Protein chains: 2
Amino acid sequence: MRRDVFQAIADPTRRAILSLLAFNAMTPNAIAEHFDSSRQAISKHIKILAECQLLNQEQTGREIYYHFNPQKMQEVDQWVAQFREQWEKRFDQLDALLKKQKNK
Amino acid sequence: MRRDVFQAIADPTRRAILSLLAFNAMTPNAIAEHFDSSRQAISKHIKILAECQLLNQEQTGREIYYHFNPQKMQEVDQWVAQFREQWEKRFDQLDALLKKQKNK
DNA sequence: TATATTTGCAACTGATTGGTTGCGGTTTAA
DNA sequence: TTAAACCGCAACCAATCAGTTGCAAATATA
């Protein structure tokens, strides 16, 4: 079972769930109400997100609140960081070009 | 055919290819030499990366050089950005806690 | 206690994926 | 011109995935 963060955020529905939970913990039913998919389909997505620790559970009675775990998302950020220098370089080049045009 | 950046970087081999091409444009054969997979398997990964514009082609004779396109990777960065505040907040909290411990 | 709500788990299905093999087209070199 | 190198395309296969349906466990409510 391949279950890493990158595989988890590959699905648009799962990305939407993460955006939804970024600032509010929610129960599976509450989450499912925001989508057209069935409760089970959403529940499966939640399971995948929880397995790779992008979500944490907090059980209160029969309800389970799912919390977003920023630490895990940081892994994606750290991977993307290796390319950041590249687009900043290009931006600098564009910037220099624009300045040059302006001074003509 | 779902062909977006997130789906493209979901595969570990494709992520390795991107890291490889980040600073040097390379031909498919040269790329394939860095992996255990066959040339065709790598070629398929390259095709997917090119389709979602993470790679650009530059044909010179019978060789094709693939270049990394930072602009497209920025899309991932922009999506992750919405969560950045979260882990920075937590970091600040941890930082405050550590300072508090220190001053005891 | 009996019933309704919330939820996860298992089985099944159709679609997608990663990989292999074989082939043909184009460019370079002998 | 003939042979080799570089490369993409299409067909095929096993594995995985997203979604549905049915069910059982646990908790809350009447």
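The values are calculated or read from the model by the stated rules, or taken from the named source; none is laboratory data. Just so it is clear, the model here is predicted, and its values are computed rather than measured. No Cβ is skipped: glycine too gets one built from the backbone with ideal geometry, and neighbour counts run over all protein chains shown. Heads up: the accessible areas ignore ligands, DNA and RNA and are worked out on the full protein's heavy atoms, side chains in. Shrake-Rupley method; radii C 1.70, N 1.55, O 1.52, S 1.80 Å.
Tabulated data
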{"read-out": "Flag if B:D36 is at pLDDT below 90 and acidic (D, E)", "value": "no"}
{"read-out": "Residue among A:F35, A:F23, A:F6 that is within 21 Å of B:W87 (Cβ to Cβ) and open to solvent by 30 Å² or more (accessible area, probe 1.4 Å)", "value": "A:F23"}
{"read-out": "When residues of the stretch B:5-45 are limited to those that are small (G, A, S), over 18 Å from B:N56 (Cβ atoms) and within 14 Å of chain A (Cβ to nearest Cβ), the one farthest from DNA strand D (Cβ to nearest atom)", "value": "B:A16"}
{"read-out": "Scope the stretch A:46-72; condition away from DNA strand C (no atom under 13 Å from the Cβ) and within 13 Å of chain B (Cβ to nearest Cβ); matching residues", "value": "A:C52, A:L54, A:F68, A:N69, A:P70, A:Q71, A:K72"}
